[in-house]
1. Do the sum for the chain: with -39,500 (n - 2.57) for every DSSP H run of n ≥ 4, divided by all residues, what is the mean residue ellipticity at 222 nm, to the nearest 500 deg cm²/dmol?
2. How many percent of the accessible area of the chain is carbon or sulfur, using a 1.4 Å probe?
3. Could you give the angle, 0 to 90 degrees to the nearest 10, between helix 4-17's Cα long axis and the longest principal axis of the Cα atoms of the chain?
4. Which value, in Å², gives the accessible area per residue of the chain when a 1.4 Å probe is used on the protein heavy atoms?
5. So what's the angle, to the nearest 10 degrees on a 0 to 90 scale, between helix 21-32 and the longest Cα principal axis of the chain?
6. Taking only Cα atoms, what is the 0 to 90° angle, nearest 10, from helix 50-89's long axis to the longest principal axis of the chain?
7. How much FRET efficiency would the formula 1/(1 + (r/R0)^6) give for residue 207 and residue 118, where r is the Cβ-Cβ distance and R0 is 25 Å, rounded to 0.05?
8. Among 305, 163, 22, which one moves the most in a GNM of the chain with springs linking Cα atoms closer than 10 Å?
Amino acid sequence: MDGLSELRAKYLGDIGAAADGDALETVRLAALGKKGEISLKMRELGKMSPEERQTAGPALNALKDEIDAALRARKAALEDAALDARLAAEWLDVTLPPRPRPRGTVHPVSQVMEEMAAIFADMGFAVAEGPQVETDWHNFDALNIAPEHPARQEHDTFFMHRDAGDNRPPHVLRTHTSPVQIRAMQAQGAPIRVIAPGRVYRMDMDQTHTPMFHQIEGLAIDRDITMANLKWVLEEFFTAYFGRPVRTRFRASHFPFTEPSAEVDIQCSWQGGVLRVGEGDDWLEVLGSGMVHPHVLRSAGIDPDQWQGFAFGMGIDRMAMLKYGIPDLRAFFESDLRWLRHYGFGALDAPSLHAG
Ligand code: PHE
């Protein structure tokens with residue numbers, strides 16, 4: 001058959017010269033497409049004599065195969081080259097430092113509340129909650145603080161507004177977490193074992209006081225709970241919280257809602273102006289406690305002849321200062337970003353019994 005070697009030279013040349021996939025496809029169509037030159041030649045075979053066909057057929061087939069193979073090879077080479085070009089253009093320096101992302105921190109008070117809840121949970125205490133705007137009854141009367149009782153004045157209470165002529169006692173910003181004792185006992189009855197961490201408010205502002213601060217209440221009521229259980233729970237708590245054995249000292253005290261009542265100190269040392277918990281011969285007062293007064297049980301609907309137990313209330317903020325060496329209480333609530341970044345915790349600093 002005539003002209004095969006010219007066709008071969010032409011198409012192999014065109015294939016080699018095709019600069020991209022589109023150009024290569026144009027060459028393929030020109031050669032092997034339905035109306036391509038090679039395909040037309042194939043059709044001519046039909047018009048040939050058997051003798052002619054015997055030599056022309058294999059030659060044409062061989063040429064078709066060769067061009068087909070050349071097309072494939074060129075296609076693969078172009079794809080490789082394109083990939084190489086992309087890899088060269090799109091490289092990424094994975095050793096570069098990441099872009100800084102703004103990150104929040106967990107406030108030490110939140111962190112410490114979580115730590116405390118984890119420790120008490122281990123001793124079987126559930127978390128109870130109550131409102132920060134509290135009724136006068138829950139905050140005072142139910143806790144055996146009568147209207148004329150001096151404790152009402154001592155608490156420096158914030159009162160909510162009442163319309164003129166509305167003579168109901170105004171709601172208050174709760175002055176302690178003790179009203180949650182009442183709510184929890186009303187809701188669950190006895191036996192009960194709860195803690196109640198949260199915000200409390202008193203009209204007080206100086207170096208060591210802020211008008212809003214945090215307390216954690218503890219309450220355990222059962223048939224035979226005594227002060228001995230209270231002492232064990234507290235020592236167990238302080239030891240877990242500070243990560244070392246901490247001795248406690250109970251001093252007789254008075255609260256209207258507990259009888260007997262005790263203030264509890266923890267062992268500490270003051271050396272070179274540094275306060276250390278769990279060593280030394282000094283004492284630091286950290287909480288109020290006692291056996292829940294029968295009047296309190298009764299106002300929460302629990303029979304004091306059947307049930308008894310202890311309650312305690314502890315300031316959280318100072319416990320955070322003590323554990324994490326934070327010097328100034330007021331800075332806790334100033335929302336200074338530098339302070340928050342310095343003393344704050346990462347979201348993944350999961351509180352655990354063994355942290356710190
Ligand atoms: N509510 C008391 C206070 O705020 C603390 C306390 C709680 C004392 C429970 C005894 C029992 O000072």
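The values are calculated or read from the model by the stated rules, or taken from the named source; none is laboratory data. Worth saying up front: this structure is predicted, and the values here are computed from it rather than measured. A quick note on method: Cβ atoms are made from the backbone with ideal geometry, for glycine too, and the neighbour counts reach across all protein chains shown. Areas reflect the complete protein model, heavy atoms only, side chains present, ligands, DNA and RNA absent. Shrake-Rupley method; radii C 1.70, N 1.55, O 1.52, S 1.80 Å.
1. -13000 deg cm²/dmol
2. The value for the chain is 53 percent carbon and sulfur by accessible area.
3. Helix 4-17 sits roughly 30 degrees off the main axis of the chain.
4. With all protein chains present, the chain gives 57 Å² per residue.
5. 30 degrees
6. 30 degrees
7. With R0 = 25 Å, the Cβ-Cβ based efficiency is 0.20.
8. Answer for the Gaussian network model of the chain: 22.
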